[in-house]
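Input: a single structure, listed below in structure tokens.
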């Protein structure tokens, strides 16, 4: 009866986090998860800096990409990123705590669109990420 | 006469690499640098995997973003990413060696556009990245 | 004292609409304009269809791009699109009335980011557009 | 035996052009078509101008989007745009003749990626477009 088993968003997240080595490295702390939704935060550490001494754009992308992947997999079907666009709005420094919020804006049979925003402690927008995901027919299982 | 001093692309790269902690963590090896151009490679290690056991999209983005930043700063003016779009075409596994090539497609007074492609050892396209950079008036200095 | 003259968002819109031949062709009706904001609607006519008999993606982009340009110029400085990403979520047919809403998500000294969403009469998302604008120092004048 | 019938790229183009009302309005002239490839040109007319008197960004997008759609449908399966990113590099004026070239960079089972560049008569890049297409299982038929 494997096909009737339905995982909750929290169970899917737990399965993914257990294997997601890079999200561990980033120190991501998920603070809210629900169908099509994920909110997390993390702190900018020394290894995350770029050649100008600010946070590397890849770190901002990566944290948003993880929130996106967690949100889009909550429905229980393996879902992968196809295409992402990200805009950067202000520099981020060592020690800042960033909050990332991913929201589902559309969910079709085969694709989904997610809006992911990263803000600093003052609530200012640091990056804005729009992701298109492809929904496979493979169920995520325990 | 500081304003007449002109750094070569290799000198700019050296300055940036010395501070770029995250590119070090990624293990990026720059194999070619020239005005508006950068080619590098890196190997996918265990800490780079996502919840499905493939390379995390953030890693692919980050390596491309570094190549982009190295290429767009070769002209000697501090240049930062404004907006990036990335498409993912095939999964990448632990141990694969990826090559990233960044090419300048346009360089205006204030902005530049870069096409960055990541390929696997078979030469297959793994991700395609288009980045818009903003050129500041601040010269990069030793 | 030309530099002290400040146009309202409605005045800027009026100046732009008077010259914007393609927005006229599209039949765009602006129903709300404010600082960093624009809402408009239009009807899909026969000349807007593509090779599959649905609305051409270029039409969806164009209406969103106009709303984006109207919103980002409301501050009175000539502002132009640098980079846009658009996602398409469902087909649109002849005769449908679409609503386009552009919101400013960030406004820096030199750049601004706008989120533009197009919905059909059922309120369903048809396309999602994220635009990065470059703010020039040229004031818009009567 | 309808399923064995295979259309050439030119035949697919002919079928699409016959219905594509907006590409007709744009005055697009296809000058080369092949598997995964399309090259076309068009002239900027008065109705294509925006509020600043330059070509409307939607026109640049639309011509590139048509070239993209023509290129991605050449394989004979109905293929639609999912996600597009476009960068604008220089203004275009009334009367300019633009050339648009769409190339397939990746073709998977379900998706394809296309690089579409628009240049002016001097060969200067005017816009750069990266499109992700979704390949349906529906064959295009005469």
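The values are calculated or read from the model by the stated rules, or taken from the named source; none is laboratory data. None of the values given here were measured: they were computed from a predicted structure. Cβ atoms come from the backbone with ideal geometry, glycine included; neighbour counts cover every protein chain shown.
Observations, loosely collected:
- The condition (being surrounded by 18 or more Cβ atoms within 10 Å (Cβ to Cβ) and not in a strand (DSSP E or B)) is satisfied by just one residue among A:59, A:33: A:59.
- Here the condition is being away from every other protein chain (no Cβ under 11 Å), crowded, with 21+ Cβ neighbours inside 10 Å and either out of contact with any strand residue (DSSP E or B) (no Cβ under 6 Å at 6 or more places or on another chain) or over 25 Å from residue C:110 (Cβ atoms) (or both); of A:118, A:74, A:111, it holds for A:74 alone.
- Lone unmet requirement of (1) assigned to a helix (DSSP H, G or I); (2) without any contact (Cβ under 8 Å) to a residue 24 or more places away in the chain; (3) surrounded by 22 or more Cβ atoms within 10 Å (Cβ to Cβ) for residue C:25: (3)
- The residue list B:67, B:102, B:71 contains one member that is under 25 Å from residue C:84 (Cβ atoms), modelled with pLDDT of 95 or more and part of a strand (DSSP E or B), which is B:102.
- Of the criteria (1) assigned to a strand (DSSP E or B); (2) in contact with a helix residue (DSSP H, G or I) (Cβ under 6 Å, 6 or more places away or on another chain), which one residue A:41 fails: (2)
- The listed residues are D:97, D:80, D:92, and the only one of them that is at the interface with another protein chain (Cβ under 9 Å from one of its Cβ atoms) and on the phi < 0 side of the Ramachandran plot turns out to be D:80.
- Residue B:13 satisfies every condition listed in (1) without any contact (Cβ under 8 Å) to a residue 40 or more places away in the chain; (2) surrounded by 15 or more Cβ atoms within 10 Å (Cβ to Cβ); (3) assigned to a helix (DSSP H, G or I) except (1).
- When residue C:127 is tested against (1) farther than 25 Å from residue C:77 by Cα; (2) surrounded by fewer than 22 Cβ atoms within 10 Å (Cβ to Cβ), just one condition goes unmet, and that condition is (2).
- Any pair with Cβ under 6 angstrom, 6 or more apart, that starts in region D:45-60 at a residue that is more than 7 Å from every other protein chain (Cβ to nearest Cβ) and ends at one that is surrounded by fewer than 24 Cβ atoms within 10 Å (Cβ to Cβ) and part of a helix (DSSP H, G or I): none
- All conditions but one from (1) crowded, with 16+ Cβ neighbours inside 10 Å; (2) within 24 Å of residue D:54 (Cα to Cα); (3) within 14 Å of chain D (Cβ to nearest Cβ) apply to residue C:19; the one that does not is (1).
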